[in-house]
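Single-structure report; data block below.
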Amino acid sequence: MRLRAQLLADIRQFFSARAVLEVETPVLSHSSGTDPQLDFFTTDYCSSPLRQTLFLQTSPEFAMKRLLAAGSGSIYQIAKAFRNGESGRFHNPEFTLLEWYRVGFTLPQLMDEIAELMAVLFSGHGALNPIQRISYQDLFQRYTGLDPLEFSYPDYCAFARDNQAPEAEGICGHDHGLWLDFIFSHNVQPHLGENAVCMVYGYPACQSSLARINDRNPQITDRVEVFIKGIELGNGYYELTDSKEQDMRFDAEQVVRQERKRPISAKDEHLIAALEAGLPECSGMAIGLDRLLMLLTNSSTINDVLGFPISRA
Amino acid sequence: MASYSTNEFKAGLKVMLDNDPCAIIENEFVKPGKGQAFNRVKIRNLKTGRVIERTFKSGDSLEGADVVDVAMQYLYNDGEFRHFMVPDTFEQYQCDEKAVGDAGKWLKDQDSCTVTLWNDAPLSVSPANFVELAIVETDPGVRGDTSGGGGKPAVLETGAVVRVPLFVQQGELIKVDTRTGEYISRVKE
C-alpha cells in the first residue's frame, strides 16, 4: 500500500516535470469498446422515467482521445478500468491503469519515454538490465522459427504438435490471430524481459486494434507492448487518426462479437465524431499499475498488491 | 453429470478428458491484453496418475466426472482381488491389483484407507498417511546405536521393505509414512 502511494507520486512527478496534464474522465459511459476480446460491466442508470444502460470503461482511451481532439495537448490519467470475467494470477476485474498520450510523438519517441519512466520507477528496486527493443517478427522467429506475418497452417500445426500442444489445432482452426495469441502467450512471452524491460514493436496487422498501420510495411502495425519478466505490462500505439478507418474497424469488431455471441456493445459515436473533427498526430500508452507493483514487490499474484481483491471486495 | 466451464476449474475438481477421469491440479488464466483468453490447466489423469498440461479457450467447458473419495476399511485379499468395505453401510467393493497399485504394500487387514470411486467402481486406493506395521524380518539390532548411521532394511508384515535404524528389532511395531515410505518411530504397544 505504501509502495503504491509512492509509485503514484513518482508517476505524477515524472509527468508534471514533462508538462503533461493530469486529467480525469468518466468511468461510467454510454458506450463501450468493441474489442471482441473484452467483456464490459453494464449497469442501470435510473433517472425516472428514463432507464439507461451504462458501461464501466475497459480503459479511459476513448474519453482521453476526445480530449485530445478538443485540443488538450499531451495528457495522462491514472484510472480504474474494469474488464468482466478476467480473474487470475495476473488479472483482477477491476484494476488501475496509467494511460498517457503524447501529441506529436511517434512510436519510437514514445518508447524512449517508456524507458525513462521505467528507469525512474525501478530505481531503488534492484537494477534492471538494459532495455531490449525487438520487433514482433524477429522475436517470433527466434523462439518458434515461424513467420508471424505469413500464416502457414501446416507449419503452425506442426509447431504446436512439437510443443505438446496438439489441442491448439482445435482451438485456433484457421484463425491466424488466434494462432498468434496462442503461440505468443505459450512459447514466446515467458522468455521476455528477463530482469529487463522488453519492448516488442511491429505487431502483425491482424493484431492492430487501435494502432496505425505502418507507413512502409502494411503487414505490420505501429503498436508496442512492454514486458518485464514474462509479464505483459502495457500496450501503446501510434494512434489511428482516420475516422473512417476507425469506424470500419469498429464495425468489423462488432461482426466478430456477433459471431462469437458476445454481447453487442454500443459503438462510441462520440469518438468517431472526435476523430472526424481531428485527432492530432499522437502516440499513447497504457500500463497496468497493479502488475507493475507485483514486479516491484516480487509478488506472485495480483491479490498481494490489491487492498481487497475481487473475492473480498 | 454437470459440465464445468474454465472459470470454475479449481484444484481438486474432477472432470472427464479424453474419456478418462482427471483431477485438476492448477488453472492459470492467460490473457494477452488485446487477445484471446486461455486457461492453461495442469491435470492429473486419475487412471494413469500422469500429469499433463492442456490449454483451453476461456469459456470452454468439460464434463464433470463422477469421482468420489470414500473412506473404507480394508478387509482381505483373495489372491485376485482385494476387498474393501464402507464402515457405515457395510457396502463392499473389490479392487484388482492395478487399481490398488502401490497402496497394496501398506494395507493390513482392518486398516482404514481411502478408495476413489469412478462411476461407483474403484479407480485407486490411497493408504492412510501413517500406518503401524510389525517387522517380520530384519538383521539383529546393535545395542547402543540410538539413531543415525545407515540403518538397515526391514520387511514388514504387508511385504513392504523400509529402512529402519539399527536398534529396531524384529517383531517390533513401527510407524511409517506411506507417502515417502520412511520410518518414523517405534510404537509402544
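Values in this text are rule-based calculations from the coordinates and carry no lab data. The model shown is predicted, which means the values in this text are computed figures rather than measured ones. Here the Cβ is made from the backbone with ideal geometry for all residues, glycine too, and neighbour counts use every protein chain on show.
Here are some residues: B:VAL51, B:VAL67. Which one is aliphatic (A, V, I, L, M), without any contact (Cβ under 8 Å) to a residue 60 or more places away in the chain and in contact with a Pro (Cβ under 8 Å, 6 or more places away or on another chain)? On inspection, the qualifying residue turns out to be B:VAL67. Answer yes or no as to whether B:TYR4 is over 30 Å from A:ASN92 (Cα atoms) and either part of a strand (DSSP E or B) or among the hydrophobic types (A, V, I, L, M, F, W, C) (or both). Criteria not met by B:TYR4. Figure legend. Inter-residue proximity from the stretch A:146-174: first residues of a type in the set (Lys, Arg), second residues surrounded by 14 or more Cβ atoms within 10 Å (Cβ to Cβ), beta-carbon distance below 9 Å, spacing 6+ or different chains. Indicated pairs: A:ARG161/A:ALA168; A:ARG161/A:GLU169. For the stretch B:52-74, a tally of residues being among the hydroxyl-bearing types (Ser, Thr, Tyr) and more than 14 Å from chain A (Cβ to nearest Cβ) returns 1. Go through the stretch A:1-27 and report how many residues are over 15 Å from A:ILE114 (Cβ atoms) and in a helix (DSSP H, G or I). Residues in the stretch A:1-27 being over 15 Å from A:ILE114 (Cβ atoms) and in a helix (DSSP H, G or I): 12 in total. Within the stretch A:29-49, residues that are more than 14 Å from chain B (Cβ to nearest Cβ) have Cβ atoms under 9 Å from residues that are assigned to a loop (DSSP other than H, G, I, E, B) and charged (D, E, K, R) in these pairs: A:SER29/A:ASP268; A:HIS30/A:ASP268; A:SER31/A:LYS267; A:SER31/A:ASP268; A:SER32/A:LYS267; A:SER32/A:ASP268; A:PHE40/A:ARG83; A:PHE41/A:ARG83, counting only partners at least 6 apart in sequence or on another chain. Can B:GLY49 be described as outside any strand (DSSP E or B), away from chain A (no Cβ under 14 Å) and surrounded by fewer than 15 Cβ atoms within 10 Å (Cβ to Cβ)? Yes, satisfied. Residue check: B:ASN119 meets all listed conditions (1) farther than 17 Å from B:THR158 by Cα; (2) surrounded by 12 or more Cβ atoms within 10 Å (Cβ to Cβ); (3) in contact (Cβ under 8 Å) with a residue 24 or more places away in the chain but one, namely (2). Selection within the stretch A:170-181: residues that are more than 7 Å from chain B (Cβ to nearest Cβ) and surrounded by 16 or more Cβ atoms within 10 Å (Cβ to Cβ). The member of this set that is farthest from A:LEU146 (Cα to Cα) is A:CYS172. Based on what the data block shows, is B:LYS34 more than 8 Å from every other protein chain (Cβ to nearest Cβ) and either outside any strand (DSSP E or B) or surrounded by fewer than 19 Cβ atoms within 10 Å (Cβ to Cβ) (or both)? Considered against the rule, which asks whether it is more than 8 Å from every other protein chain (Cβ to nearest Cβ) and either outside any strand (DSSP E or B) or surrounded by fewer than 19 Cβ atoms within 10 Å (Cβ to Cβ) (or both), B:LYS34 comes out as no.
Of the listed requirements (1) touching a helix residue (DSSP H, G or I) at 6+ places or on another chain (Cβ under 6 Å); (2) within 14 Å of chain B (Cβ to nearest Cβ), A:ALA211 misses just one: (1).
Within the stretch B:80-93, the set of residues being farther than 16 Å from B:TRP106 by Cα and either surrounded by 15 or more Cβ atoms within 10 Å (Cβ to Cβ) or of a type outside the set (Phe, Trp, Tyr) (or both) comprises B:GLU80, B:MET85, B:VAL86, B:PRO87, B:ASP88, B:THR89, B:GLU91, B:GLN92, B:TYR93.
A search for C-beta distances below 8 Å between a residue of the stretch B:8-25 that is under 11 Å from B:GLU63 (Cβ atoms) and any residue that is basic (Lys, Arg), counting only pairs 6+ apart in sequence or on different chains, returns B:LEU17/B:ARG54; B:PRO21/B:LYS14; B:PRO21/B:LYS47; B:CYS22/B:LYS14; B:CYS22/B:ARG44. So in the stretch B:15-29, with the set limited to residues that are aliphatic (A, V, I, L, M) and over 15 Å from B:SER5 (Cβ atoms), which one is farthest from the other protein chains (Cβ to nearest Cβ)? My answer is B:ALA23. Of all residues in the stretch A:69-92, none satisfies being more than 29 Å from A:GLY307 (Cβ to Cβ) and touching an Asp or Glu at 6+ places or on another chain (Cβ under 6 Å).
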